[in-house]
Structures are given as C-alpha cells and as structure tokens.
Amino acid sequence: MIYGKDLKMKIEEIFINAIEKKASDIFIIAGKPLSFKIMGEIVSVNNAPLTAEETYVIIYDIFKIAKKSNIEQLYAEGDVDFSFSIPKLGRFRVSAYMQRNSYAAVIRVVFFELPDPEKLGIPDAVMNLYKKTKGLVLLTGPAGSGKSTTLACIIDKINSERNCHIMTFEDPIEFIHGHKKSIVSQREISTDSKSYVSSLRSALRQAPDVMLIGEMRDLETIEIALTAAETGHLVLSTLHTTGAANTIDRIIDVFPSNQQQQIRIQLSMQLQAVISQHLIPSKVCGRAAAFEVMLTNNAVSNLIRESKIHQLNSVIYASDGKGMKSMDTSIMELYESGYIDKENALMYATEPETMAKKLK
C-alpha cells in the first residue's frame, strides 16, 4: 500500500511529486490508481488501484491538513469545494465528491512559479497587450487550451512593468501573483466571494486599474465587464469559444435582441483584442501553442458595428504581419518548424481542405 502510519507525510509527498512533475490536477478515485494530469494527459502514478476505504482515508486527512471540519457535509450534500495552502510547498483547490457510494476528489495544483512566455511560444503581439490601459481583451479556446496560462503571463508582465492595482476574480485561482510594481488582489469565487457578479460589482469601488475575470459565464458578468471597460479599466477575460468571429457572436447572442445593436456598438469601441489558442500535441515539447490574434483596428470596429462579423477572418488574413495572425497560419508555422506533424496540423486547422493543399 502507498500509505503508511504517517499519512500526512505521505499526502504531502503526493503533492510534492505532483509539483515536481508539473501536474495540473491530482485524481483520487476508487478503482483507479492515484493519477496526475500532466500536459493534458492523465497518467497513473503506480499500478495499484485505490480502494473505497483508501480514498476515504486520504480525503479525510486532506480535510484535516486543510483544517476543514465539514467532511460530514460532503457525505450529506455529495460535493464540497475548498482551497488550502501548505507553507513552502504550494496552494491546492480541492473538489471532493461522492461517486458510486465512495469518496473521490480532484485537486487542482496552483503554481507559485509563473510560466515563461518565451518558452511557451506566446507571440509578442499577445504579450504587448500589457501596455493597454483600458478596454476589453479576450482569451478564447476550448477547455485545457492554455488560456489561463497566457492570462497569467500578461498579468505578470503588467505587474512587473506598471504601477497599478490589479484585481483577479477566478474559480479557482490557478497562479499566485506576488506584488511587484503593482498591487495584486486575487479573489477566489466561492471562497472569497459568493459569485463573479457580486465580487465584480464591489470591485468597481475598490480602485482597480486592471481586472482579470476568470470566465465570462453569463449575461450579468458580460454586462459588468463591458461597463468596467467602458469606464476606463483594462478587463481581461476568457470564453470557451474558438475564433474571433465566434467569440463576438457568442457575446452578442447572450443579450436580448432589442439590446444587441447597443452591444455591437459597445464592443466596437471597447474590444481591444481577441486571442484564440489551441495546444497541439508535439513530439518536441509535449504540446505546442497555436494562436489566432485579432487586434481591433478601424476595419474590425466597423465590421462589428455593422454586424458583418463573418468578414473578420478576411481582415485577420489581410493584416498578417501587422500583429494579427490567423490560426491556420500559426499552425503552418509550427509544422514548418518541426513542432507538430502533418496529422495534427490537419486535425486542428480551421480550414482542413486549404491546409491539406498547403501541406502537399
């Protein structure tokens, strides 16, 4: 058995191992060996499946380490979320739940060490968004595409280069930012505040210059984000969309039809950039990041205002070399550099037929 008399030490060893392997999540589920998610892949730590008794003991002890006394709530309600820190080690977000009448948990590892944007291949056009002092910047892509990591890099750049108050609203907090040139306030939804909406409303009275919203989930959150951008704040957020055109359509479609023209006008004035990204399997570096970059200029603003969103892709293609870049151009660059193979280039391309002709 993996666990001995000093269970606390064993659990801390699990956390140390996860951090050393740069795992994003730890899985404790009966019938499956202890597992880590590393570079998007779930990997078993050993070959011994956990029993229901073992998962209970591990999760019970995690509650003790976190100084939580509500494990009865887990049994009564079926799920409990909380965060805790281990000094000199790291911070962890626990989502414990019941499944098949046994205790289970997925633990998100919150990294103190911030990623290096150069090693991640984040384009200069994206990193230079730190210079923006107002408006709305959106990071988009499917779950697990690296949006939070890119945002963390931009926030760190602002923190290092500018003197301002940065406020982040996340569920959960994924990277810890220390105070550098700026003051950084990080609020975790459900732990530090009831919801995105309540925390964002109060934030406008807390003198923020930069606001990071973990995800624009609903109409109210989007409304507040647009209002904050309109009143002179820089707002960065994410959406689970792919491509600038889909992102803008998604925001507009959230609103009732009688408000949509007003929202188009607001977006045309406040939107600074839409960055879409994918993480593509790579034999060279595990996963390589591909980016679509749309920076708002007069042509983009006019298309948004006039509801000609479908023409945005043409502007992005025509503006290649001026900071903008299409997803397929980025994918082609990764292929030509040897980071990704032909199969994955075709799989992630937005226009596979055109990509296939280029690859020939």
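Computed values, structure above
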read-out	value
Output for segment 302-353, where each listed residue is in a helix (DSSP H, G or I) and more than 21 Å from Gly141 (Cβ to Cβ)	Asn302, Leu303, Arg305, Gln311, Ser314, Ala318, Glu336, Lys342, Glu353
Strands (runs of 3 or more DSSP E) wholly inside segment 169-247 that include at least 2 residues being farther than 16 Å from Ile154 by Cβ and free of Cβ contacts under 8 Å to residues at least 40 places away in the same chain	183-188
Filter pass, Ile275 being of a type in the set (Val, Ile, Thr), part of a helix (DSSP H, G or I) and under 21 Å from the mean Cα position of the chain (by Cα)	no
Condition check for Ile158: buried (at least 19 other Cβ atoms within 10 Å of the Cβ), farther than 25 Å from Ser276 by Cβ and in contact with a Phe, Trp or Tyr (Cβ under 7 Å, 6 or more places away or on another chain)	no
Answer residue from segment 203-215, given it is of a type outside the set (A, V, I, L, M) and within 23 Å of the chain's Cα centre (by Cα) and is surrounded by the most Cβ atoms within 10 Å (Cβ to Cβ) among those	Gly214
Which listed residue is β-branched (Val, Ile, Thr), touching a residue at least 24 places away in the same chain (Cβ under 8 Å), under 22 Å from Val110 (Cβ atoms) and touching a Gly at 6+ places or on another chain (Cβ under 9 Å), from Ile19, Ile26	Ile19
Boolean, Asp192 is at pLDDT below 95 and either of a type in the set (A, V, I, L, M) or loosely packed, with under 15 Cβ neighbours inside 10 Å (or both)	yes
Any pair with Cβ under 8 angstrom, 6 or more apart, that starts in segment 46-72 at a residue that is under 18 Å from Asn17 (Cβ atoms) and ends at one that is exposed (fewer than 13 other Cβ atoms within 10 Å of the Cβ) and of a type in the set (A, V, I, L, M)	Ala48/Met1; Glu54/Met1
Of all residues making up segment 248-272, the number that are hydrophobic (A, V, I, L, M, F, W, C), more than 22 Å from Asn297 (Cβ to Cβ) and in a helix (DSSP H, G or I)	1
Whichever residue in segment 26-39 is among the hydrophobic types (A, V, I, L, M, F, W, C) and within 18 Å of Tyr56 (Cα to Cα) and, among such residues, is surrounded by the fewest Cβ atoms within 10 Å (Cβ to Cβ)	Ala30
Of residues in segment 18-50 being hydroxyl-bearing (Ser, Thr, Tyr) and within 21 Å of Gly90 (Cα to Cα), the one farthest from the chain's Cα centre (by Cα)	Ser35
Leading residue by the ranking (surrounded by the fewest Cβ atoms within 10 Å (Cβ to Cβ)) among those in segment 61-94 that are hydroxyl-bearing (Ser, Thr, Tyr) and in contact with a Lys or Arg (Cβ under 9 Å, 6 or more places away or on another chain)	Ser85
Qualifying residues in segment 45-74 (those that are of a type in the set (Ser, Thr, Tyr) and either in contact with a Pro (Cβ under 6 Å, 6 or more places away or on another chain) or part of a helix (DSSP H, G or I) (or both)) - the one farthest from Met98 (Cα to Cα)	Tyr60
Number of the condition not met by Ile42 [criteria: (1) assigned to a strand (DSSP E or B); (2) surrounded by 16 or more Cβ atoms within 10 Å (Cβ to Cβ)]	(2)
Among residues of segment 119-145, those that are out of contact with any strand residue (DSSP E or B) (no Cβ under 6 Å at 6 or more places or on another chain), among the hydrophobic types (A, V, I, L, M, F, W, C) and modelled with pLDDT of 95 or more, counted	2
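Quick grid of which residues meet (1) surrounded by 20 or more Cβ atoms within 10 Å (Cβ to Cβ); (2) closer than 30 Å to Tyr339 by Cα; (3) touching a strand residue (DSSP E or B) at 6+ places or on another chain (Cβ under 9 Å); (4) of a type outside the set (A, V, I, L, M):
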| site | (1), (2), (3), (4) |
| --- | --- |
| Asp218 | no, no, no, yes |
| Ala229 | yes, no, yes, no |
| Phe255 | no, no, no, yes |
| Arg264 | yes, no, no, yes |
| Ala289 | yes, yes, yes, no |
| Glu292 | yes, yes, yes, yes |
| Ser301 | no, no, yes, yes |
| Ile316 | yes, yes, yes, no |
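For every residue, the table says whether it meets (1) surrounded by fewer than 20 Cβ atoms within 10 Å (Cβ to Cβ); (2) part of a loop (DSSP other than H, G, I, E, B).
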| site | (1), (2) |
| --- | --- |
| Ala96 | no, no |
| Tyr103 | no, no |
| Glu113 | yes, yes |
| Ile122 | no, yes |
| Val126 | no, no |
| Tyr130 | no, no |
| Leu136 | no, no |
| Ser145 | no, yes |
| Thr150 | no, no |
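The values are calculated or read from the model by the stated rules, or taken from the named source; none is laboratory data. Keep in mind it's a predicted model, so treat the numbers as computed, not measured. Positions of Cβ are backbone-derived with ideal geometry, glycine not excepted, and every protein chain shown enters the neighbour counts.
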